[in-house]
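Below is one structure, written out as structure tokens; the observations come after it.
The values are calculated or read from the model by the stated rules, or taken from the named source; none is laboratory data. These figures come from a predicted structure and were not determined experimentally. Using ideal geometry, Cβ is built from the backbone for each residue, glycine included, and neighbour counts are taken over all protein chains shown.
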Amino acid sequence: MSHPSPESLRREAAAQLAALRNRTLTPKDRLTIPPQPMPSREPTERIHDVQEVALGYSPEQARLEALRCLQCKNAPCINGCPVRINIPAFLKAIAEERDAEAIAIIRQTSLLPAVCGRVCPQEIQCQERCTVGKALKDVRKAVSIGRLERFVADVERESGRFQPPPTKPETGRRVAVIGSGPAGITVAADVRREGHTVTLFEALHKPGGVLVYGIPEFRLPKAIVELEIETLRAMGVDIRPNFLVGRTRRLEALLHDDGYDAAFIGAGAGLPRFLDIEGENLVGVFSANEYLTRANLMRAYNREQADTPIYPGRNVIVVGGGNVAMDAARMALRLGAKEVHLVYRRTEAEMPARIEEIEHAKEEGVQFHVLHAPRRVIGNAAGRVTGLECIRCRLGEPDDSGRPRPVEIPGSEYILEAETLIVAIGNEPNPLLPQTTTGLKADRRGRLLVDPVTNQTSLPRVYAGGDVVLGSATVILAMGQGRQAAAAINAFLAELPPRKA
Amino acid sequence: MHRILEKQQLADEVFLLRVEAPLIARERKAGQFVMVQADTRFGERIPLTIADANPSEGSITLIFQTVGKTTHHLATLNVGDAIPAILGPLGRPTHIETFGTAVAVGGGIGIAPLHPIIQALKAAGNRLIVILGARTRNLLILEDQMARLADELIVCTDDGSYGRKALVTEPLREVCTRVPAPDFCVAIGPPIMMKACAETTRPFRIPTVVSLNTIMVDGTGMCGGCRVTVGGKTRFVCVDGPEFDGHQVDFDNMMLRLRAYKEQEDAAHHQCHLELELARLERKPSA
């Protein structure tokens with residue numbers, strides 16, 4: 001599959017824009033503007049490196065795409081956004097070439113537009129509700145809100161105009177933020193803005209959480225994450241990498257001995273789930289977490305410089321249907337696999353991955369085996385993986401998740417050959433904090449229990465949000481919870497008498 | 001940054017570094033480990049045992065064998081240099097109680113992680129029989145420190161160059177046959193040695209703890225690369241261990257998993273050795 005070049009997309013958009021100039025557009029006119037495709041690198045070229053695949057709209061494409069918005073009075077898109085961005089307002093600003101205003105509108109409610117514009121599942125959020133998509137009877141033809149969010153965020157970043165938000169005078173109150181992923185970044189910024197002292201604790205050597213160890217460069221350039229971290233530093237947030245709260249220091253000690261007034265737990269869902277099938281501990285079976293952490297955080301894609309090796313595999317099987325499964329499959333191609341097979345128990349319609357990731361994976365040659373379930377891992381005498389026994393399935397009645405349950409078809413077993421098997425079936429929160437903190441309550445799956453409004457945990461002064469509460473969810477939901485928790489922390493600290501730093 | 005306060009070469013390929021790490025020194029308990037990175041841009045993260053700690057000085061002692069790129073690099077560092085990243089203490093601390101008579105077996109570099117456990121067992125009032133083994137005399141480490149803690153010390157070498165010419169399992173079996181038999185055994189060393197020790201104590205039904213050192217990336221429960229089969233269940237060495245019931249561990253699977261990156265490691269090791277030699281030669285003229 002070949003893509004139109006970014007330049008031809010730009011030229012086409014420019015011509016169409018010129019034809020619309022000085023005209024008052026009716027809703028009907030807007031509906032006839034063609035949806036703007038995302039300029040992307042050629043699959044045959046991009047699978048040889050880890051550079052970003054989607055190149056972003058040109059200004060001409062962005063204006064044209066923004067003109068497709070009908071400016072609905074009831075703005076259903078806003079209700080589809082977990083942080084309620086004023087979408088019609090920022091789209092109007094882009095259409096009228098007021099990019100600085102557009103990003104300012106987004107920043108009123110969102111902290112990570114360059115990230116969310118790239119990784120949000122828009123087709124089940126804002127774009128799912130979009131009237132344009134409904135009128136054209138295809139969610140893929142909705143206004144590309146996410147791509148436009150990315151556009152203005154990139155314009156701002158590349159212009160160098162972005163300024164860290166101002167902080168209020170020091171209050172002397174101290175907040176410990178545990179985990180530097182999307183939830184932690186959000187809380188650190190929102191709490192620091194009020195003048196409180198913030199320490200951001202990160203267990204790994206590089207801050208950013210899942211944005212750094214999990215999501216690959218080809219989907220989210222690390223320079224974008226680094227800028228967010230630099231912004232926190234510029235605001236005066238103290239970042240402490242290589243610090244595992246629970247082991248390096250217990251949470252209770254931070255609160256009772258080290259003078260922190262409040263803590264926020266944004267430790268994510270980092271504990272990989274395995275399939276619990278025969279042969280799963282053979283050499284060559286990896287959690288997607290391990291595979292992606294080696295490739296992303298440890299930079300194993302850079303064979304010349306990185307010390308961390310990646311297991312070689314000509315044929316790679318990935319089990320799962322979410323974004324992480326797509327990331328792992330596409331990373332395997334970039335690391336030299338000749339064939340990558342994706343095995344998923346349900347159909348493509350049930351896959352939790354973003355449509356764009358599924359499309360990109362297919363374009364790059366990942367072979368999809370839907371309605372196939374893994375049965376057992378097969379190995380050789382050296383204990384190394386040689387294949388995966390799968391069984392075909394059909395869809396049955398809905399299960400607890402509301403999705404149709406895969407039902408195995410007896411006698412349909414077969415063997416898919418591979419040297420590497422990557423398991424991408426989800427993560428759970430790490431149990432370390434509940435294990436080492438008296439009274440910190442979690443549910444059966446390790447998710448911390450919190451108040452739905454304040455995000456306070458079972459302990460006073462301790463708040464939590466993001467995947468540690470939600471299980472594996474999304475960046476935007478983590479950010480939304482972070483904002484909610486930060487508001488509650490700020491309100492709690494405001495009640496305390498001021499103290500000099 | 002963790003400044004190096006002391007450096008010693010304990011054996012041919014074994015080095016000791018005492019480094020500043022006040023937070024880890026304060027919190028660490030016997031049996032725990034750290035993840036070390038010699039370079040935070042491209043360097044690997046490797047698990048190393050905390051062989052000792054001094055909370056008042058704010059230091060921990062690391063003992064390691066030069067087996068890979070990071071350990072070779074660490075061996076080229078000197079007092080005053082710094083290690084950029086040390087995370088810890090990690091893993092569950094050793095379960096220490098007053099068992100009565102405990103037999104502790106250390107093989108090769110495994111004597112280093114055994115040291116804090118023996119300190120803790122001794123402090124809990126156990127009678128200690130310590131068996132140390134090494135391939136050859138100049139690979140034996142920490143003999144003096146162990147001699148000070150042990151009520152009885154048995155040293156053996158594979159080649160008979162020092163102590164008894166025997167594998168550690170030989171004296172271990174003898175100790176197990178004594179009346180009364182030891183109440184508890186801890187064995188740390190190469191996987192094959194731990195497996196043999198577990199098989200030795202099994203018929204005597206002596207509870208036997210082993211400390212596993214597997215491949216890890218993060219060391220905090222995130223990657224699962226360290227997973228082992230214990231009693232038929234998958235466990236993570238980094239968060240469920242590093243110590244497990246030696247009678248339940250599937251050592252064969254663990255040994256296969258340890259060889260996952262053998263080819264890449266062998267290539268890197270050769271290169272590292274050359275670099276270490278070069279560093280040594282470059283230092284010589286000024287020394």
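Would it be correct to say that B:Ile129 is modelled with pLDDT of 95 or more and not in a strand (DSSP E or B)? Taking the combined requirement at face value, the residue does not satisfy it.
Looking at A:Ala382, A:Ala418, can you tell me which residue is surrounded by fewer than 17 Cβ atoms within 10 Å (Cβ to Cβ), in the same structural domain as A:Leu335 (by TED's automatic domain parsing), of a type outside the set (S, T, N, Q) and in contact (Cβ under 8 Å) with a residue 60 or more places away in the chain?
Only one candidate passes the filter, namely A:Ala382.
Could you tell me whether the stretch B:180-193 includes any residue that is over 25 Å from B:Asp12 (Cβ atoms), at pLDDT below 95 and either out of contact with any Gly (no Cβ under 9 Å at 6 or more places or on another chain) or not assigned by TED's automatic domain parsing to the domain that holds B:Val34 (or both)? Scanning the stretch B:180-193 turns up at least one residue that is over 25 Å from B:Asp12 (Cβ atoms), at pLDDT below 95 and either out of contact with any Gly (no Cβ under 9 Å at 6 or more places or on another chain) or not assigned by TED's automatic domain parsing to the domain that holds B:Val34 (or both).
Within the stretch A:153-174, does at least one residue satisfy the condition of being in a helix (DSSP H, G or I) and closer than 24 Å to A:Asp467 by Cβ?
Yes, some residue in the stretch A:153-174 is in a helix (DSSP H, G or I) and closer than 24 Å to A:Asp467 by Cβ.
Only residues that are in contact with a Gly (Cβ under 8 Å, 6 or more places away or on another chain) and part of a strand (DSSP E or B) were counted across the stretch B:43-58, and they come to 3.
Of everything in the stretch B:196-218 that is part of a helix (DSSP H, G or I) and out of contact with any strand residue (DSSP E or B) (no Cβ under 8 Å at 6 or more places or on another chain), the residue that is surrounded by the most Cβ atoms within 10 Å (Cβ to Cβ) is B:Thr200. Yes or no: B:Cys272 crowded, with 18+ Cβ neighbours inside 10 Å, farther than 20 Å from B:Gly100 by Cα and not assigned by TED's automatic domain parsing to the domain that holds B:Ile109? Yes. The numbered conditions (1) farther than 15 Å from B:Gly80 by Cα; (2) in contact with a Ser or Thr (Cβ under 9 Å, 6 or more places away or on another chain) are all true for B:Ala21 except (1).
Checked against the criterion of being within 23 Å of the chain's Cα centre (by Cα) and within 14 Å of another protein chain (Cβ to nearest Cβ), the candidates A:Ala223, A:Ala295 yield just one match: A:Ala295.
Here the stretch B:228-242 is the region considered, the condition is being without any contact (Cβ under 8 Å) to a residue 24 or more places away in the chain and at the interface with chain A (Cβ under 9 Å from one of its Cβ atoms), and the residue that is surrounded by the fewest Cβ atoms within 10 Å (Cβ to Cβ) is B:Thr234. Only one residue in B:Ile4, B:Ile24 is touching a strand residue (DSSP E or B) at 6+ places or on another chain (Cβ under 9 Å) and crowded, with 21+ Cβ neighbours inside 10 Å, so which one is that? Matching residue, one of B:Ile4, B:Ile24: B:Ile24.
Looking only at residues in the stretch A:320-341 that are within 14 Å of chain B (Cβ to nearest Cβ) and out of contact with any Ser or Thr (no Cβ under 9 Å at 6 or more places or on another chain), which one is surrounded by the most Cβ atoms within 10 Å (Cβ to Cβ)?
Among those that are within 14 Å of chain B (Cβ to nearest Cβ) and out of contact with any Ser or Thr (no Cβ under 9 Å at 6 or more places or on another chain), it is A:Ala328.
Against the condition crowded, with 20+ Cβ neighbours inside 10 Å, under 18 Å from A:Val119 (Cβ atoms) and modelled with pLDDT of 95 or more, how does A:Gly214 come out, does it pass? Criteria not met by A:Gly214. Taking the listed residues B:Asp81, B:Asp151, the one that is surrounded by fewer than 18 Cβ atoms within 10 Å (Cβ to Cβ), at pLDDT 95 or above, out of contact with any Gly (no Cβ under 8 Å at 6 or more places or on another chain) and not assigned by TED's automatic domain parsing to the domain that holds B:Val249 is B:Asp81, with no other qualifying.
Looking at the stretch B:154-178, which of the residues that are in a helix (DSSP H, G or I) and hydroxyl-bearing (Ser, Thr, Tyr) is surrounded by the fewest Cβ atoms within 10 Å (Cβ to Cβ)? Filtering the stretch B:154-178 for residues that are in a helix (DSSP H, G or I) and hydroxyl-bearing (Ser, Thr, Tyr), the one surrounded by the fewest Cβ atoms within 10 Å (Cβ to Cβ) comes out as B:Thr177. Residues that are more than 14 Å from chain A (Cβ to nearest Cβ) and outside any loop (DSSP other than H, G, I, E, B) were ranked within the stretch B:59-90; the one that is nearest to B:Leu142 (Cα to Cα) is B:Ile63.
Looking only at residues in the stretch A:262-276 that are under 17 Å from A:Cys390 (Cα atoms) and either in contact with a His (Cβ under 6 Å, 6 or more places away or on another chain) or facing chain B (nearest Cβ under 9 Å) (or both), the one that is modelled with the highest pLDDT is A:Phe274. State which residue is surrounded by the fewest Cβ atoms within 10 Å (Cβ to Cβ) when the search covers only the stretch A:104-138 and only residues that are more than 16 Å from A:Glu357 (Cα to Cα) and basic (Lys, Arg). Filtering the stretch A:104-138 for residues that are more than 16 Å from A:Glu357 (Cα to Cα) and basic (Lys, Arg), the one surrounded by the fewest Cβ atoms within 10 Å (Cβ to Cβ) comes out as A:Lys137.
For (1) out of contact with any strand residue (DSSP E or B) (no Cβ under 7 Å at 6 or more places or on another chain); (2) touching a residue at least 40 places away in the same chain (Cβ under 8 Å); (3) closer than 16 Å to B:Arg41 by Cβ; (4) at the interface with another protein chain (Cβ under 8 Å from one of its Cβ atoms), each residue gets a yes or a no:
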residue: A:Gly208; (1), (2), (3), (4): yes, no, yes, no
residue: A:Ile215; (1), (2), (3), (4): yes, yes, no, no
residue: A:Tyr260; (1), (2), (3), (4): no, yes, no, no
residue: A:Glu278; (1), (2), (3), (4): no, yes, no, no
residue: A:Asn289; (1), (2), (3), (4): no, yes, no, yes
residue: A:Glu304; (1), (2), (3), (4): yes, no, yes, no
residue: A:Thr308; (1), (2), (3), (4): yes, no, yes, yes
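Every listed requirement among (1) at pLDDT 95 or above; (2) surrounded by fewer than 19 Cβ atoms within 10 Å (Cβ to Cβ); (3) within 20 Å of the chain's Cα centre (by Cα) is met by A:Glu350 save one, (1).
Residues considered: B:Thr214, B:Thr220, B:Thr201. Of these, the only one that is over 22 Å from B:Ile50 (Cβ atoms) and either touching a His at 6+ places or on another chain (Cβ under 9 Å) or not assigned by TED's automatic domain parsing to the domain that holds B:Leu74 (or both) is B:Thr201. Elements of the type strands (runs of 3 or more DSSP E) sitting completely within the stretch A:392-485 and holding at least 1 residues that are away from chain B (no Cβ under 14 Å): these cover A:404-408, A:414-417, A:462-464. If you go through the stretch A:177-206 and pick out every residue that is part of a strand (DSSP E or B), crowded, with 24+ Cβ neighbours inside 10 Å and within 14 Å of chain B (Cβ to nearest Cβ), you end up with 2. Note on the stretch A:87-141: residues that are farther than 23 Å from A:Pro182 by Cβ, without any contact (Cβ under 8 Å) to a residue 24 or more places away in the chain and either assigned to a loop (DSSP other than H, G, I, E, B) or in contact with a strand residue (DSSP E or B) (Cβ under 8 Å, 6 or more places away or on another chain) (or both) total 4.
Checking A:Leu477, A:Leu440 one by one, the residue that is within 30 Å of B:Pro93 (Cβ to Cβ), in the same structural domain as A:Leu251 (by TED's automatic domain parsing) and surrounded by 18 or more Cβ atoms within 10 Å (Cβ to Cβ) is A:Leu440 and no other.
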